[in-house]
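Have a look at the structure below before the remarks.
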Amino acid sequence: MLLAIDTSTALSSIALYEEQVWAERTWTTRRNHSAELLPEVEAMMQRAGLSPRDLTGIAVATGPGSFNGVRVGVTTAKTLAMALSIPIAGISTLKVVAYPHFDGEQAIRPLLDAGRGRFCTAVYEKRGDDWIETEEPRVVAPADLQAAVERPTLFCGDISTKLAAEMRAYWGVMAGVASPARGARRAGYLAEMGWARLRENRGDDPAALQAIYLPRPPLPRVRQDSEVVWPCASEGV
């Protein structure tokens, strides 16, 4: 049985997986990752009638995301893997967001809330049967994305209804935006990816596994009402 842990942002998620999702829990933790994670894991395993010794692997979202959230998730996963002598697979949080959309053909740009109007983002594109990260993870302001669409692209992740409407108005048919439910980050996706990795013996060294932390650029320009400036559809790219 594999345990998946994702505490990259205020939205936390855990799952149990063995050929299928056996249990999954997603909740908003805000800044209480360290206090809430292990009790949630213990409660889920108890409901499933499992003990830590029943675990055969760990999958963990390695970021980017909030510094504290990523640190808690990665540290907990590494500690469990070493204490139980089981393999671990670390997977980019942005790839977890993009994963449920890998059944299409258009480029995928996941967005993770980085605070103060900024987003962590990357781009994934299909190459043959594989999805390749074609733009390295970085932190951007919404206005910085206006030149980021050069081909049909699907945006997914932490996108408000307001921002989704502005994106559609600005880019038209060049950009799609996943619905809130389909764009949500779930540990079940992380678990499925980790399960495949570990079955192929492509786990990570728990001692060497590192979280992904991104440098923060200057804050975006804001209006007097503190709303992030998003380019109007009439302004062009």
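Any read-out appearing in this document is the output of simple, stated calculations on the displayed coordinates, not a laboratory observation. Model, not experiment: these values are computed from the prediction. Please note: Cβ atoms are built from the backbone with ideal geometry, for glycine as well, and neighbour counts cover all protein chains shown.
Rounded to the nearest 20 debye, the dipole magnitude of the range 64-223 is 600 debye, with +1 charges on Lys and Arg beta carbons, -1 on Asp and Glu beta carbons, and the Cα centre as origin. Give me the lysines in straight-line cross-link reach of Lys126: C-alpha distance below 24 Å, same-chain residues under 8 apart excluded. Straight-distance partners of Lys126: Lys95.
Per-residue ellipticity at 222 nm computed for the chain from its helices equals -8500 deg cm²/dmol, with DSSP H segments shorter than 4 residues left out and the rest contributing -39,500 (n - 2.57).
Amide hydrogen proximity for Val177: with H placed 1.01 Å from N in the peptide plane, the residues at 5 or more positions away or on another chain lying under 5 Å are Phe155. Proximity of backbone amide H atoms, modeled 1.01 Å from N, is registered between Gly183 and Gly157 at under 5 Å, excluding neighbours fewer than 5 places apart on the same chain.
Sequence-ordered 3J(HN,Hα) estimates for the range 164-179 from the Karplus curve with 6.51, -1.76 and 1.60 and θ = phi - 60° stand at 4, 5, 5, 4, 5, 5, 6, 9, x, 6, 6, 10, x, 10, 5, 5 Hz, glycine and proline given as x.
A viscosity of 1.306 mPa s and a temperature of 10 °C, combined with the Kirkwood radius over Cα pairs in Stokes-Einstein, give a translational diffusion coefficient for the chain of 86 µm²/s.
The calculated FRET efficiency for the pair Glu19 and Arg47, based on their C-beta separation and a Förster distance of 22 Å, comes to about 0.70.
With θ taken as phi - 60° and the Karplus curve 6.51 cos²θ - 1.76 cosθ + 1.60 applied, the whole-hertz 3J(HN,Hα) list for the range 29-37 is 9, 6, 10, 10, 4, 5, 7, 9, 4 Hz, x standing for glycine and proline.
Using the Karplus relation 6.51 cos²θ - 1.76 cosθ + 1.60 with θ = phi - 60°, the per-residue 3J(HN,Hα) values for the range 49-65 come to x, 10, 10, x, 5, 7, 6, 10, x, 10, 10, 9, 6, 9, x, x, x Hz, with x marking Gly and Pro. Going by the alpha-carbon gyration tensor, a ≥ b ≥ c the square roots of its eigenvalues, is the range 47-131 rounded (a/c under 1.5) or, if a/c is not under 1.5, prolate (a/b greater than b/c) versus oblate? In terms of gyration-tensor shape, oblate. I want to verify the translational diffusion coefficient of the range 22-61 in µm²/s; compute it with Stokes-Einstein, Rh as the Kirkwood radius over Cα pairs, at 4 °C and 1.567 mPa s. After rounding, the answer is 114 µm²/s.
In the range 1-28, which residues have a backbone nitrogen under 19 Å from the label point lying 7 Å from Asp103's Cα in the Cα-to-Cβ direction? Within reach of a label on Asp103: 19-22. Under the criterion of Cα pairs below 8 Å and six or more residues apart, the relative contact order for the chain equals 24 percent. Against the empirical 2.2 N^0.38 Å (N residues), the range 95-223 has a Cα radius of gyration ratio of 1.12.
Charges were assigned to the Cβ only: +1 to each Lys and Arg, -1 to each Asp and Glu. The resulting dipole of the range 1-120 about its Cα centre is roughly 580 debye.
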